[in-house]
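Student: First the structure, which I've put down as structure tokens, then a few questions once you've had a look.
Each value in this text was obtained by applying a stated rule to the coordinates, not by laboratory testing. Keep in mind it's a predicted model, so treat the numbers as computed, not measured. Glycine gets a Cβ as well: all are built from the backbone with ideal geometry, and neighbour counts include every protein chain shown.
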Amino acid sequence: MAVSDHVDFNGFMEGVKRRNPYQPEFVQAVQEVAEDIFPFLDSNEEYHSQQILRRIAEPDRVVSFRVCWEDDNGNVRVQRGWRVQNNNAIGPYKGGLRFHPSVTESVLKFLAFEQTFKNALTGLPMGGGKGGSNFNPKGKSVREIQRFCQSFMTELYRHIGADVDVPAGDIGVGGREIGFMFGQYKRITGQFTGVLTGKGLEYGGSLIRPEATGYGAVYFLANMLATKDQDLVGKTAVISGSGNVATHAAEKIVQLGGKVLTLSDSGGFIHDPDGLTQEKIDWVKTHKTHRRGRIEEYVEAFPGASFTAGKTPWGVPCDVALPCATQNELLGEDAKALIANGVKAVSEGANMPTDLDGVHAFRGAKILFAPGKAANAGGVAVSGLEMSQNSERRSWKEEELQQMLKDIMAGIHKSCETYGRQGDGYIDYVKGANIGGFKKVADAMLAFGVV
Ligand code: GLU
């Protein structure tokens, strides 16, 4: 839209900036949604008069707390922990926990805001939340991580519950950390409930939860390509990140006949012109996740590849790109480089990896561009299925779950098409995801009145 035409939009964003000083990530996430919602409000007066967007952009609550723990040398360490409960109009708060030194209140507020729309898009009854800490797991021993997780849960437990708020993993929080936190929750409350997702299979976890975010992002990509009668066979893919999302996205691309050229971490990116095989991906999984190594070491294991320090992989020509690392890792100039190199589709495995300039560049060039809240919803969707299995006290079969994940991703694609198709046939997935997610939450909120 021509933003300047909307006096209300500018006034709204001024208010968001004023009320959230020094929270640039949160302001960015709200702006990206508001750019689509304001024109939509013109023809939906009730959402406007009931101040629905204004309410969704004000978290229900932000809880912050001190987390003390002792390191292996007996030093007392102090971290800050948070849980942002953004909106529970359509279900219990749901969203991951992130342990990373970059975590601030702004980052968690943006993630909880995005999660609200993402969870609505899955079609499952989940509200939006997010939490975490500025704790840096890198270089910590397993015992230190265990002590931190236990201390974190000793405070968090009073704010969560299977019907209240159900955290899961995110950056720095995987199956091991969920295990430590679930054990502590159970120990404090004496209850075995589905209070966390991403659990181990032995104690209520769901099959395919670890794979779901990366696989889902590739299913979404395949759905987008199918609108142009294309598929992934023979397509080159540039992927950033080398964690759970990136490695599973790479795996699914390879399974569907594509060629993955890159992976990255905070040190730089590797470029493997021969393409990653399942064997190479398994090496990365073991090396990065289990040994917490550096991606740089890939070139020693697979000499055909090269490593570029301190750079992101967006300059490598490709057919499809999947940013799967973290927020604001793909900037305006990167988007322009990808477009100049002929990229056909971009699917965001991470949350808000593309900055606003990049989003505008992709939409302006009419590239197939799936925002994280649509493309990476597969993870939280299978978390929703884990909650259902816990409530039923059963475990579903892998084939059933695989099919449900595919169906959910196809359903999200359909919503994006419904709300994002333009007059010239172009599907604006950002607009489609924003309006599709907003509408469901907004209609529930209208039903509740002014609360
Ligand atoms: N952290 C993931 C996300 O960004 C998953 C959250 C969950 O499973 O609750 O959607």
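Student: If you stretched the chain out fully between LYS138 and ILE188, how much longer would it get, using 0.36 nm times the residue separation minus the C-alpha to C-alpha distance?
Tutor: Length difference between fully extended and current span is 15.3 nm.
Student: Now, a different point. With θ taken as phi - 60° and the coefficients 6.51, -1.76 and 1.60, list the Karplus ³J(HN,Hα) couplings across the stretch 158-173 in order, rounded to whole Hz; mark glycine and proline as x.
Tutor: Rounded to whole hertz, the list is 6, 9, 10, x, 4, 10, 10, 7, 10, x, 8, x, 6, 4, x, 10.
Student: Does the stretch 168-323 classify as rounded, prolate or oblate by the C-alpha gyration tensor (a ≥ b ≥ c root eigenvalues; a/c under 1.5 gives rounded; else a/b over b/c gives prolate, otherwise oblate)?
Tutor: The shape class here is oblate.
Student: If you don't mind, another one. Measuring from the lowest to the highest alpha carbon on each principal axis, how far does the chain reach, largest first, in angstroms?
Tutor: Principal axes ranked by extent give 60, 58, 43 Å for the Cα atoms.
Student: Cα gyration tensor of the stretch 235-326, axes a ≥ b ≥ c as square roots of the eigenvalues: rounded (a/c below 1.5), prolate (a/b > b/c) or oblate?
Tutor: Verdict is rounded for the stretch 235-326.
Student: Another one. Membrane-span-like helices in the chain: DSSP H runs reaching 30 Å or more (Cα, own axis), mean Kyte hydropathy at least -1.0?
Tutor: 398-420
Student: Give the shape of the stretch 359-451 as rounded, prolate or oblate, defined through the alpha-carbon gyration tensor: a ≥ b ≥ c are the square roots of its eigenvalues, a/c under 1.5 means rounded, and otherwise the shape is prolate if a/b is larger than b/c and oblate if not.
Tutor: It comes out oblate by the Cα gyration axes.
Student: Using a cut-off of 25 Å between alpha-carbon atoms, which lysines can reach LYS288, once sequence neighbours fewer than 8 places away in the same chain are excluded?
Tutor: Partners found: LYS130, LYS138, LYS140, LYS199, LYS252, LYS259, LYS280, LYS311.
Student: Further question: Please sort 167-173, 438-444 by packing, taking for each peptide the average over its residues of neighbouring beta carbons within 10 angstrom, highest first.
Tutor: So the order, starting with the most tightly packed, is 167-173, 438-444.
Student: Quick one: net charge of GLY74's neighbours, Cβ under 15 Å, K/R +1, D/E -1?
Tutor: 0
Student: Follow-up question, since we're still on this one. Can you work out the FRET efficiency for the pair ASN44 and GLN230, with r the C-beta to C-beta distance and R0 = 30 Å, to the nearest 0.05?
Tutor: Once rounded, the FRET efficiency stands at 0.30.
Student: Can I ask one more? For the chain, with the dipole built from +1 on Lys and Arg beta-carbon atoms and -1 on Asp and Glu ones, taken about the Cα centre, which of LEU368, GLY342, LEU322 lies farthest toward the positive end?
Tutor: LEU322
Student: What is the sum of charges around GLY243, taking Lys and Arg as +1, Asp and Glu as -1, for the other residues whose C-beta is under 11 Å from the C-beta of GLY243?
Tutor: +1
Student: If the only charges are +1 at each Lys and Arg Cβ and -1 at each Asp and Glu Cβ, what is the size of the charge dipole of the stretch 324-451 around the Cα centre, to the nearest 20 debye?
Tutor: My answer is approximately 320 debye.
Student: Sorting check: for 203-216, 416-429, which peptide has the highest mean count of neighbouring beta carbons within 10 Å, and how do the rest follow?
Tutor: Final packing ranking: 203-216, 416-429.
Student: What nm distance separates the two modelled labels at GLU202 and TYR426, each placed 7 Å from Cα along Cα→Cβ?
Tutor: Taking the two extended label points, one gets 5.3 nm.
Student: Subtracting the Cα-Cα distance from 0.36 nm times the residue separation, let me have the gained length for SER395 to TYR22 in nm, one decimal.
Tutor: 129.8 nm
Student: When the chain is fully extended, how far beyond the present Cα-Cα distance does ARG55 get from SER102, taking 0.36 nm per residue of separation?
Tutor: So the extension gain works out to 14.2 nm.
Student: Could I ask something else about it? Taking amide H positions as placed 1.01 Å from N in the peptide plane, with prolines and chain starts having none, which residues 5 or more places from LYS94, or on another chain, fall under 5 Å of its amide H?
Tutor: GLY127, GLY128, GLY129, VAL166
Student: Right, here's the next one. Evaluate the relative contact order of the chain (contact order divided by residue number), counting alpha-carbon pairs under 8 angstrom at least 6 apart; express in whole percent.
Tutor: Relative contact order for the chain comes out at 15 percent.
Student: Here's a follow-up. Can you give the local net charge around SER395? Use residues other than it whose beta-carbon is closer than 12 angstrom to its beta-carbon, Lys and Arg +1, Asp and Glu -1.
Tutor: Neighbour charge sum, excluding SER395 itself: 0.
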